[in-house]
Amino acid sequence: MMGFVSLVGAGPGVKDHLTVRAYDRLQRADLVLYDALVDESLLEIAQGAQRFFVGKRAGRHSIGQSTIEGLLVRYAKEGKRVVRLKAGDPFVLGRGGEEALTLAAAGVPYEIVPGLSSALAAPAFAGIPVTHRRSTSSFVMLSGHAPSAYGPLVDALPPNVTTLVILMGFKRRDDIVRRLLGGGWRGSTPAAIVAGAGTPEQTLWLGDLASLSTTDFDPRGAPVTLVVGDNVDLAHHIQPPAAVDDEDSLVRNDAPASSQALVRPSKMRTQS
Ligand SMILES: C[S@@+](CC[C@H](N)C(=O)[O-])C[C@H]1O[C@@H](n2cnc3c(N)ncnc32)[C@H](O)[C@@H]1O
């Protein structure tokens with residue numbers, strides 16, 4: 001009998017961000033293939049499943065994309081319920097589209113279980129509304145991984161009309177900032193670096209576009225999302241002020257212990 005593949009988004013950070021559907025698929029899985037950035041505590045939900053790490057980790061050999069796709073097809077054809085678990089949403093910079101196409105071509109039944117993408121969650125956890133009636137009703141998400149991919153879009157964006165959410169762009173921020181300034185964006189445009197969004201270690205840097213490339217902010221190995229646009233300034237008001245420098249008040253006192261990670265605001269660093 002043919003098995004089934006669920007391409008599942010795990011959301012960012014800790015396991016509280018999983019959808020009910022994703023939780024159900026993990027509970028019923030025979031096999032889980034998971035990526036880097038997936039919170040490994042999620043694997044405890046898949047009690048009866050075999051679990052394989054297939055992601056990339058710095059300095060270590062990683063399994064190629066075609067091998068992963070081959071494994072999905074093979075295990076499904078062996079009759080297994082397979083969960084392909086990815087951080088955030090599987091169709092946002094997660095190669096979920098390629099995997100779905102391979103499964104479709106191979107005649108393997110599959111489903112997509114969307115997840116909370118860091119593209120939305122990182123700004124939200126930092127107190128940045130990506131849209132706001134007063135300023136902009138749009139946001140643009142882009143990958144900062146390779147200039148060949150983001151360059152034409154960044155160069156063509158009209159200045160200061162939208163909120164930019166940039167994934168995988170921390171190392172390329174010099175180039176991205178240079179292009180934005182060259183395209184007429186104000187150097188004083190508010191900008192943020194959100195590291196480890198949705199985790200108890202979340203940190204937030206708030207400054208402006210001009211200083212985004214010169215800051216010595218260290219994300220300490222956590223994944224980073226950059227946000228640029230006038231709405232970023234709202235984080236100063238939406239983040240509880242206590243988050244700035246009072247470690248003891250990082251957890252709201254009225255929150256039950258189990259939900260403390262959800263309400264914990266960022267350790268915030270503002271531009272000096
Ligand atoms: C390969 S992309 C995958 C995105 C994922 N599919 C999603 O929807 O969130 C990885 C990038 O997502 C962003 N990211 C993932 N988790 C994050 C987190 N907890 N905090 C901030 N950014 C995060 C970072 O920009 C990271 O380099």
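The values are calculated or read from the model by the stated rules, or taken from the named source; none is laboratory data. Just so it is clear, the structure is predicted and the values come from calculations on it, not from any experiment. Virtual Cβ from ideal backbone geometry, glycine too; neighbours counted across all protein chains shown.
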Legend entry - All positions within the range 69-94 that are under 21 Å from the mean Cα position of the chain (by Cα) and of a type in the set (A, V, I, L, M, F, W, C): 83, 85, 87, 91, 92, 93
Legend entry - strands (runs of 3 or more DSSP E) completely within the range 1-107 that count 3 or more residues being within 16 Å of the ligand (Cβ to nearest atom): 4-9, 81-86
Legend entry - Of all residues in the range 213-237 being of a type in the set (S, T, N, Q) and away from the ligand (no atom under 13 Å from the Cβ), the one that is nearest to residue 136 (Cα to Cα): 231
Inset, instruction - Please work out if residue 65 is polar (S, T, N, Q), surrounded by fewer than 17 Cβ atoms within 10 Å (Cβ to Cβ) and over 20 Å from residue 95 (Cβ atoms). - result: no
Inset, instruction - Please name all residue pairs, on different chains or six or more residues apart, with Cβ atoms under 7 Å, provided the first residue is in the range 24-51 and is on the phi > 0 side of the Ramachandran plot and modelled with pLDDT under 95 and the second residue is in a loop (DSSP other than H, G, I, E, B) and within 16 Å of the ligand (Cβ to nearest atom). - result: 37/87; 37/223
Inset, instruction - Assess whether residue 161 counts as being at pLDDT 95 or above, in contact with a strand residue (DSSP E or B) (Cβ under 9 Å, 6 or more places away or on another chain) and surrounded by fewer than 16 Cβ atoms within 10 Å (Cβ to Cβ). - result: yes
Legend entry - Test set (1) surrounded by fewer than 23 Cβ atoms within 10 Å (Cβ to Cβ); (2) in contact (Cβ under 8 Å) with a residue 60 or more places away in the chain - residue 194 fails condition number: (1)
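Matching residues to (1) over 20 Å from the mean Cα position of the chain (by Cα); (2) modelled with pLDDT under 95:
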site: 111; (1), (2): yes, no
site: 117; (1), (2): no, no
site: 133; (1), (2): yes, yes
site: 142; (1), (2): no, no
Inset, instruction - Could you pull out the residue among 164, 116, 142 that is touching a residue at least 40 places away in the same chain (Cβ under 8 Å) and either within 12 Å of the ligand (Cβ to nearest atom) or in contact with a Pro (Cβ under 6 Å, 6 or more places away or on another chain) (or both)? - result: 116
Inset, instruction - Name every residue in the range 1-44 that is β-branched (Val, Ile, Thr), closer than 28 Å to residue 194 by Cα and crowded, with 20+ Cβ neighbours inside 10 Å, in order of residue number. - result: 8, 38
